[in-house]
Amino acid sequence: MEIGIDSFASAMYGENSLSSVDAMEQLLERIVRADQAGLDVFGIGEHHKKEFLDSAPEVILAAAAARTKRILLGSAVKVLSTDDPVRVYQRFATLDLISRGRAEIVVGRGSAIDAYPLFGFDLKDYDALFKEKLDLLLKIRENEYVTWSGQFRPALDKHPIYPRSLQEKLPVWLGVGGTPESFVRAGSLGLPLMVAVIGGETERFRPLLDLYREAGRSAGFAPGQLRVGLHSPGYVADTDEKAVADYYPGFKELWTKLGRERGWPAVTREHFDVLAAPRGALVLGGPEQVAKKLVRHSKALGGIDRFTFQMDNAGLTHQQLMQSIELIGTKVSPLVKKML
């Protein structure tokens, strides 16, 4: 199992307020630490609001590529529906050259809608935009000269797309939430799948993953091509107790704030404890507890190939995040490999 980190480039406004310059420098330091600690992948999300600095994830990843040596660098996720697939491919192909073949793209429709009005797209086209643009992106990945036509973008007639990625086939993952159609789409296309699990019990995704694998088999793809990744909030500290003490206050504040915006109830300690329980989505604790939970998730879901922690949005300090990354790389990852 590959293990990594996803970040939304939190600007850390509020009690842990930092200048945007300092917040960005600390993020790059965490990516370097992840590389040094032996983590497999680091992803940067995409948002277009004050709390985050990740509106241009490819730029952050390119800066990280110049400072790192082996870690894979990708999006988490790239909101493809509101971008131009030609430019998306060009930017990530450029990242692939800078990183000497370490670039990946995780594409999705986005759980936030900020980008749609910002770039002049209509939410009623939410799924149609993504379907069409994914088709074009995959065609560009396969062909240097592209002929294509669609509804939302001018047609291409044998247009060459440059630069080409260093990797023969730039990895494209499909990021999904919980709609069955998205799982079937990924399987039918033979794309690796990144599942965002942010609440409830992780095992509830097993029927959807079965749909994905069956769709892939029906389309003629080998099981080894149908890779599955999980993205969940989490944090690792020296002990289980310290992890909870560090993480709970910021988690409660963040999700209560989001609840006010989206109509969810306020977070309670009972709710938090359910999420942090062995079958819950929150991957939290000391190295041994976290490793056991990742193995449990993998077995319950029929095997997972990658897990990424999202942990920089719970008010944790840079020092806490750096230590957690070190523990994940030096303690959790070896334990998981041994248990599996």
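The values are calculated or read from the model by the stated rules, or taken from the named source; none is laboratory data. Computed from a predicted model, the values in this text were never measured in an experiment. No Cβ is skipped: glycine too gets one built from the backbone with ideal geometry, and neighbour counts run over all protein chains shown. Keep in mind that these areas ignore ligands, DNA and RNA; they rest on the heavy atoms of the full protein, side chains included. Shrake-Rupley method; radii C 1.70, N 1.55, O 1.52, S 1.80 Å.
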(message) Within the range 254-275, take every residue that is hydrophobic (A, V, I, L, M, F, W, C) and surrounded by 14 or more Cβ atoms within 10 Å (Cβ to Cβ) and give me the one that is farthest from residue 234 (Cα to Cα).
(response) 267
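Let's see how each residue does on (1) more than 26 Å from residue 305 (Cβ to Cβ); (2) of a type outside the set (Ser, Thr, Tyr); (3) touching a residue at least 12 places away in the same chain (Cβ under 8 Å); (4) open to solvent by less than 10 Å² (accessible area, probe 1.4 Å):
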site	(1), (2), (3), (4)
28	yes, yes, yes, no
35	no, yes, yes, no
46	no, yes, yes, no
50	yes, yes, yes, no
61	no, yes, yes, yes
66	yes, yes, yes, no
(message) Checking the conditions here, which among 181, 203 is in a helix (DSSP H, G or I), under 21 Å from the mean Cα position of the chain (by Cα) and touching a residue at least 60 places away in the same chain (Cβ under 8 Å)?
(response) 203
(request) Kindly indicate whether residue 238 is touching a residue at least 40 places away in the same chain (Cβ under 8 Å), open to solvent by 30 Å² or more (accessible area, probe 1.4 Å) and acidic (Asp, Glu). (result) yes
(message) Against the condition within 17 Å of residue 44 (Cα to Cα) and either assigned to a loop (DSSP other than H, G, I, E, B) or over 18 Å from the mean Cα position of the chain (by Cα) (or both), how does residue 67 come out, does it pass?
(response) yes
(request) Could you run through the range 78-127 and say how many residues are buried (at least 18 other Cβ atoms within 10 Å of the Cβ), in a loop (DSSP other than H, G, I, E, B) and either modelled with pLDDT of 95 or more or on the phi > 0 side of the Ramachandran plot (or both)? (result) 4
(message) For the range 41-61, give me each residue that is over 23 Å from residue 102 (Cβ atoms) and out of contact with any Ser or Thr (no Cβ under 7 Å at 6 or more places or on another chain).
(response) 49, 50
